[in-house]
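Since the structure comes first, as structure tokens, the remarks are kept for the end.
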Amino acid sequence: MNRTRCRRSMAFYDILDHHMVFENSTLQSGFLAQLAHRSLARVEASARAVVFVSAVFLSVANAAPLTLDAALKRVIDTHPTLRAFPLRGAALETEAQVAELSPEKTLTFTIENALGSGPVRGLDIAESTLTLAGVLERGGKREARRAIAAARLDDLGIARTAAQFDVLAETARRYLELVGWHSRLPLIEADLAQRERMAEAARTRFRIGAAPEASALRAEAEVAAAKAAVAAGRVAAEVAARRLALMWGEEQTTALDVTPLPISLPELPEFSKFKNSLPASPDLARFASEARIQDARIRLATAGRVANVDWQLGLRHFADTDDLALVGGFSMPLGVSRRAELEASITRAERSALDLERQSFELQLQAALLDAWAQAGAATERVRAIDTVMLPRLHKAVENAERAYAGGALSYAEWSEIQGALSGAQLAALEARLEWRRAMIEIQRLTAEPVVVSQ
């Protein structure tokens with residue numbers, strides 16, 4: 001079951017060399033990475049960088065801007081969290097080799113009746129013994145250790161997959177943040193340009209005595225506010241670029257050119273499609289991996305009911321007669337069955353609790369998935385309402401308001417209010433598109449499945 005889930009996660013990460021575009025009725029994109037260490041093979045494959053975030057942006061490839069695929073590749077190659085896993089894998093491989101070893105043997109040499117006083121002075125009647133001792137493992141303990149080592153390697157693979165999803169999802173969110181500021185700035189700058197035109201018109205009407213100075217002063221104050229908003233937006237864009245570059249270790253970056261945010265939103269699939277993909281989530285796979293470790297520990301504890309046998313075999317030399325004799329023996333602890341059964345009971349209880357924790361966590365995942373799906377649906381409705389109803393009417397209202405103000409039929413306050421409504425609606429539409437993409441990033445992180453949606 002774990003291998004099947006890993007393969008599903010692997011399919012999630014097939015990287016193309018370009019951003020997503022709509023083709024016919026489906027949306028597909030991907031990343032390509034190389035398979036690595038044997039114990040991390042499934043993980044490295046699943047770490048092949050993220051179809052979902054490419055699908056979320058739907059951007060056409062461009063040689064100049066930094067594409068999302070390029071950002072994700074940089075993160076995969078350099079992020080410390082991901083680079084640590086091969087080292088941890090090497091350590092677990094060594095632990096697996098240790099688990100394969102049989103108990104060590106002991107070579108012992110003893111001498112008696114030597115270097116004393118009286119008859120035992122010197123070595124004339126000394127008795128020297130050379131023995132080899134070891135432990136005979138019984139009950140399948142070695143096989144149980146192997147199972148634990150293998151389960152821990154598998155668990156590292158699942159942990160690598162989960163960490164990969166989290167890191168790449170965070171990269172996608174920071175990339176989206178930067179794209180958002182690059183999309184906001186033109187709207188804010190356009191509002192500034194319009195406010196400057198409005199301020200000039202208000203100042204002209206005041207000079208000719210057609211309007212009070214208060215209108216001109218208010219217009220100039222609104223220009224100052226718009227300039228401050230533009231300046232703040234540029235700073236925020238620089239901060240967003242630095243935050244994104246920190247994902248691959250660059251600290252001095254202050255500007256990055258990224259692909260623009262698409263206008264259209266694809267149709268959102270039904271919630272059931274995403275819910276059916278939840279079993280492939282790396283977060284749930286961690287529970288299955290931990291369950292295999294617990295099962296292996298139960299087998300090891302159960303094997304402890306069969307006692308090991310300590311044995312020794314050797315030769316004894318009698319100096320006074322120059323004779324040799326064979327010595328040997330064995331020992332076996334008593335009462336180990338009861339202790340082993342108690343240890344197995346503890347592990348079984350932890351294993352049962354793990355099943356309940358998994359059920360609880362799956363319900364939490366479903367709730368988080370439902371929230372993200374509802375967020376995407378609400379964002380789609382807001383975009384549709386703003387684009388099809390609000391913006392056409394507000395554009396027309398702004399044009400009419402400018403003419404009415406020029407003819408003296410409308411006050412500056414009314415014209416400014418209408419212009420503010422248009423700028424607010426444009427920004428609201430942008431925020432709704434960004435919210436839709438944030439929700440899709442979260443859905444992909446939760447389900448570990450590529451989103452294929454209709455245009």
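Normalised size of the range 2-447, defined as Cα radius of gyration per 2.2 N^0.38 Å with N residues, equals 1.62.
Using a 10 Å cut-off on Cβ atoms, rank the peptides 117-127, 321-331 from the highest mean neighbour count down. Please list the in-between numbers first.
Details: 117-127: 11.7, 321-331: 9.9.
Per-residue mean Cβ counts within 10 Å order the peptides as 117-127, 321-331.
Taking a straight Cα-Cα cut-off under 26 Å and skipping sequence neighbours fewer than 8 places away in the same chain, the lysines within cross-link reach of residue 227 are 396. For residue 384, what charge total do you get from the other residues with a beta carbon under 14 Å from its beta carbon, if Lys and Arg give +1 and Asp and Glu give -1? Net charge in that neighbourhood comes out at -2.
Starting with the highest mean, order 294-304, 252-262 by the number of other Cβ atoms within 10 Å, averaged over the residues of each peptide.
Values: 294-304: 20.0, 252-262: 15.4.
Descending mean neighbour count gives 294-304, 252-262.
Considering only 407, 391, 372, whose Cα is most displaced toward the positive end of the charge dipole of the range 327-429, charges sitting on Cβ of Lys, Arg (+1) and Asp, Glu (-1)? The Cα lying farthest towards the positive end belongs to 372. The mean sequence separation of alpha-carbon pairs under 8 Å and at least six residues apart, normalised by the residue count of the range 2-447, gives a relative contact order of 19 percent.
Each of 165, 287 was scored by other Cβ atoms within 10 Å of its Cβ. Arranged with the fewest first, they read 287, 165. By the scheme Lys and Arg +1, Asp and Glu -1, what is the net charge of all other residues having a beta-carbon under 11 Å from that of residue 139? Summing Lys and Arg as +1 and Asp and Glu as -1 gives +3. Taking the average, over residues, of other Cβ atoms within 10 Å as the packing measure, peptides 69-79, 371-381 rank 69-79, 371-381 from highest down.
Which order results if 100, 343 are arranged by neighbouring Cβ count within 10 Å, fewest first? All intermediate terms of the calculation are to be shown ahead of the outcome.
On the way: 100 11, 343 17.
Ranked by crowding around the Cβ, least crowded first: 100, 343.
Using a cut-off of 13 Å between beta-carbons, work out the net charge of the residues near residue 237 (Lys and Arg +1, Asp and Glu -1, residue 237 not included). Mind showing how you got there, number by number?
Details: positive: 174, 184, 234, 242, 243; negative: 177, 189, 238, 257.
Result for the neighbourhood of residue 237: +1.
Note on the range 241-337: Cα convex hull, mean projected area over all directions, 18.7 nm².
Give the distance, in whole Å, between the Cα centre of the range 206-228 and the Cα centre of the range 393-434. So the separation of the two Cα centres works out to 17 Å.
Coordinate-derived values only; no laboratory data. Every value quoted in this text rests on a predicted model; they were computed, and no experiment measured them. Quick reminder, even Gly has a Cβ in these numbers, built from the backbone with ideal geometry, and neighbours come from all protein chains shown.
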